[in-house]
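Take a look at the structure below.
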Amino acid sequence: MRRKLVVGNWKMHGSRPANAELLSALMAARPFALDVAVCVPAIYIHETAATLAGSDLRWGAQDVSQHAQGAYTGEISAAMLAEAGCRYAIVGHSERRAYHGETDQVVADKAQAALAKGVTPIVCVGETLAQRDAGETEAVVKRQLSVVIHQLAHCASEIVVAYEPVWAIGTGRTATPEQAQAVHAVLRAQLQAATGHGERMKILYGGSVKADNAATLFVQPDIDGGLIGGASLKAADFIAICRA
Ligand code: 13P
């Protein structure tokens, strides 16, 4: 049985007082019956680590450099994330693909860099609305994932995958549980065929997950939890999702 995982992706939100309030509410709401993590803006990772250290809550980053070190101004390496106790790094979020030009290959390199330092990459895949309408959903997500699988070879089973349909992110328009499950099943079959470990790998759903729709999504056989944007910023909402 796969243990569920809920990860908050704060994106570029937060402030020291707001974070302190949110994290202390999460700490107070423990224990949860599933794994819970927050991926925070890099500048807040150390403070988050200090607050959550010693608890069963985990923390992570929203991106990682594909390079180990060097003259890459503004970048943060996987070694630095590992040093800060990060359990996870989101890679290939659609916002990074869209606004920072990250290609499938860059995403694969980032996943590899993270894994090399013991940080679990949460690899995001997902189609745009135009791609869905054109019937390309399966082909798009399989292509995105296949580059990562190919790059990681025998380590590919160590990743977490997040299916995030671009049209459902921040739009209030969630994929129906059936739509999400259908894509998750495709991804799991791909992971199983490539690694032999697809049955134990986690595939999260992300895109307008809220307290009132989380349960119907998470009950789907191939949905192992969620990657939560907007609703992860409000303690009551995020806690309700973690209890869904
Ligand atoms: P929302 O939950 O705000 O739609 O964001 C989803 C997301 O992009 C998580 O990574």
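The numbers here are math on the coordinates, done by the rules we state, and not lab data. Since the structure is predicted, the reported quantities are computational estimates derived from the model, not experimental observations. Cβ sites come from the backbone with ideal geometry, for glycine too, and all protein chains shown count toward neighbours.
Using C-alpha pairs under 8 Å with a sequence gap of at least 6, the mean separation divided by the residue count of region 161-244 gives a relative contact order of 33 percent.
Assuming charge only on the beta carbon of Lys and Arg (+1) and of Asp and Glu (-1), the dipole of region 154-218 about its Cα centre is about 20 debye to the nearest 20. Computed from label points 7 Å out along Cα-Cβ, the spacing between residue 25 and residue 155 is 3.7 nm. Take every DSSP beta bridge whose two residues both sit in the chain; close to 0 percent of them are antiparallel.
Among 45, 90, 122, determine the one that fluctuates most according to a GNM of the chain built with springs between C-alpha atoms less than 10 Å apart. Judging by the Gaussian network model, the answer is 45.
When the charge dipole of region 157-244 is built from unit charges on Cβ atoms (+1 for Lys and Arg, -1 for Asp and Glu) and taken about the Cα centre, the candidate among 242, 221, 205 whose Cα reaches farthest toward its positive end is 242.
When you count the other C-beta atoms within 10 angstrom of each residue and take the mean per peptide, 4-16, 66-78 line up highest first as 4-16, 66-78. In summary, the aspartates and glutamates within cross-link reach of residue 11, defined as a Cα separation below 12 angstrom excluding same-chain residues under 8 places away, comprise 63, 95. Considering only alpha-carbon pairs that sit under 8 angstrom and 6 or more positions apart, the relative contact order computed for region 23-62 is 50 percent. Would you mind checking the pairs 142/202; 4/210; 117/142 and listing those with alpha carbons more than 18 angstrom apart? Flagged as over cut-off: 117/142.
Near the amide H of residue 6, within less than 5 Å, lie the amide hydrogens of 35, 36, 37, 226, all on another chain or at least 5 residues away, with H placed in the peptide plane.
Label-to-label distance for residue 68 and residue 47 is 3.3 nm, based on points extended 7 Å past Cα in the beta-carbon direction.
An oblate overall shape is assigned to region 63-125, the ratio a/c of its alpha-carbon gyration tensor axes (a ≥ b ≥ c) being 1.5 or greater and a/b not exceeding b/c. For residue 130 and residue 3, a Förster radius of 30 Å and the Cβ-Cβ distance give a FRET efficiency of 0.25, rounded to the nearest 0.05.
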